[in-house]
1. For residue 192, list the lysines whose Cα falls under 29 Å from its own Cα; do not include residues on the same chain fewer than 8 positions away.
2. Once you place label points 7 Å from the Cα toward the Cβ at residue 36 and residue 184, how far apart are they in nm?
3. Which distance in Å, rounded to a whole number, links the C-alpha centroids of the range 163-185 and the range 42-73?
4. Thinking of the range 35-102 as a set of Cα atoms, what percent of all their pairs are more than 15 Å apart?
5. How far is it, in nm, from the label point at residue 73 to the one at residue 102 when both lie 7 Å from their Cα along the line to the Cβ?
6. Suppose the chain between residue 145 and residue 61 were pulled fully straight at 0.36 nm per residue; how much longer would it get relative to their current alpha carbon spacing?
7. Check the straight Cα-Cα distances from residue 28 and name the lysines below 17 Å, setting aside those fewer than 8 residues away within the same chain.
8. Going by average Cβ density within 10 Å per residue, which order do the peptides 82-88, 31-37 take, highest to lowest?
Amino acid sequence: MLYSFDSRAELQSSLETQTDEMLLNAVKTNCKEALDELYRRHHTTLRAVIARVLHNDQSIEDLLQEVFVEIWRLATRYSSEKGKALGWMITLTRRRSIDRLRREQAYCRVEERYQKETETMPDAWTQRRGDDDVEWADMRRVLNTIVDTLPEPQRIAIQMAFFQGLSQREISAVTGSPLGTIKTRVELGIRKIGSKLRELSGESFPFFSAA
């Protein structure tokens, strides 16, 4: 649906008479004013949907803005044959709210685990001495250098898995990427690290096997 009006006031007046379905179809044609009208009509309702899942005011407001960006981006997927426009927006909002909740819960679990590990960490772990420490420090520097050369998605997955101690399922929850994608990134990253280490030393490093 294309609009041609002499003034913004005329456009706004016309949009106010349109149904939600007509407005969403207008959004498909990149009519920002149609999205603004949908926001004016339904932001309170969608905020309430988010608030039933999230309980942090800042998270609620942030997600509300993200939801309308998603409506703008995904409007072409809407079809009036599948139901009312408001129902489609509510479903999208609920799904995004649940996704956000899962990510926040994953962050909390990781934070709690690190806190426990820090509190119970033996003093010897933080006061290492001797030749072993020097060798480990050298190895760590080499590994960091190699990891930094990986493509960003693989680098992030490797750092979370081996340097932060997250499981692949936790990495999936934190990053919002499918578990299968995380497994592939970790596997590819490990293979590249092992290959680079063999190039540097001419030796085999079985503990970097992707098996």
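Just so you know, all these numbers are worked out from the coordinates, no wet-lab data involved. Please read all numbers here as calculations on a predicted model, not as lab measurements. Cβ: placed from backbone, ideal geometry, glycine included. Neighbour counts: every protein chain shown.
1. Result set, ordered by chain and number: 183.
2. 4.1
3. That distance is 26 Å.
4. When every Cα pair of the range 35-102 is considered, 47 percent fall beyond 15 Å.
5. The modelled label-to-label distance comes out at 1.7 nm.
6. Values: separation 84, 0.36 × 84 = 30.24 nm, distance 3.96 nm.
Additional length available on full extension: 26.3 nm.
7. Once the sequence-local lysines are set aside, what remains near residue 28 is 82, 84.
8. The packing order, highest mean first, is 31-37, 82-88.
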